[in-house]
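Taken together, the values in this text are just the output of simple stated rules run on the coordinates, not laboratory data. Everything numeric in this text was worked out from a predicted model, so none of it was measured. Note that each Cβ is placed from the backbone with ideal geometry, even for glycine, and that neighbours are counted across all protein chains shown.
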Amino acid sequence: MAVQFVSLVRGVGGMGLMTGEVVKGAFTTKFQFREFLEQAWFIASVTMLPAVLVSIPFGAVISLQVGNLAGQLGAQSFAGATAVLAVVREAAPMAAALIIAGAAGSAICSDMGSRKIREEIDAMEVLGIDPVIRLVVPRVLACLFVSVMINGIVIATGIGGGYFFTVIIQGGSAGAFLSSFTALASLPDLYISMVKAALFGFLAAIIGAYNGLNAQGGPSGVGRAVNEAVIIAFMMLFVLNSIMTAIYFQIVPQDGL
């Protein structure tokens, strides 16, 4: 138990130090623009289609559930606004985060781990090249950028799917669905969604990079590091989402009917 606790503390501290190095390196060193573009394109290529495929059932399920509940309460006209709030505030950033952590985070971890066991990281350090600045910073920024982009795609697709299932499938009013947007939804809802997506993408990349750079035990060790990175990222994302949502409700006043 003591060994596991020490390992946990060491891991949290190491991720904190890496976060500081990444933030500092992003503003104080030469930006690896080419590496950033390559990583952003790779991450987008492996996450774009899953994001679209996930967002459609997300919007459909939320709209169906909210539409049925609103109909039972006699508030069918507010089904659109409620579905939009659910998609924008929670479903979209969480879907983007899970896709980024599962696909991009694991890819970053396996890449860093493979470089570690091939001693490429040690060779870079011998040559005086900081692997965090050269490899981690562009990948973290690429994850952050793509996560925000995917969040926007999930929002648009989820709302479109919600409109289809609410208006076409359930026979709701298109005018009521659209006009109810302004009743409960507001720009801060979109802002917090984008901030969540950016932080989730940043965190997933940091966890993946840290686990990869600390992988040990050959190829099997890289596999274990990838599994740990995905599990830790999922847990941290849910915890961070709960904290940010609670803070948001305390800071931003909510509109009434």
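Spin-label point model (7 Å from Cα, Cβ direction): what's the Phe164 to Phe33 distance in nm?
Taking the two extended label points, one gets 3.9 nm.
Kindly point out which whole DSSP H helices in the chain project their C-alpha atoms 24 angstrom or further along the helix axis while averaging a Kyte-Doolittle hydropathy of 0.0 or above.
2-28, 33-73, 137-163, 187-213, 218-251
When the chain is fully extended, how far beyond the present Cα-Cα distance does Ser114 get from Arg224, taking 0.36 nm per residue of separation? Walk me through the intermediate numbers first.
Working: separation 110, 0.36 × 110 = 39.60 nm, distance 1.22 nm.
Length difference between fully extended and current span is 38.4 nm.
Say a site is exposed when it is one of the trypsin sites (Lys or Arg not before Pro), sits in a DSSP loop, and has at most 15 other Cβ atoms within 10 Å; what is then the longest site-free stretch of the chain?
Longest gap between qualifying sites, sites excluded: 119-257.
Tell me what the chain gives for mean residue ellipticity at 222 nm when only DSSP H runs of n ≥ 4 count, each as -39,500 (n - 2.57), the sum divided by the residue total, rounded to 500 deg cm²/dmol. Write down the numbers at each step before the final one.
On the way: 11 runs with 201 residues, N = 257.
-26500 deg cm²/dmol, from helical runs alone.
Cα centroid distance between region 103-143 and region 189-257, in Å?
Value for the Cα centre distance between the two parts: 19 Å.
Defining a contact as two alpha carbons under 8 Å apart and six or more residues distant in sequence, what relative contact order in percent does the chain show?
Dividing the mean separation by the residue count of the chain yields 32 percent.
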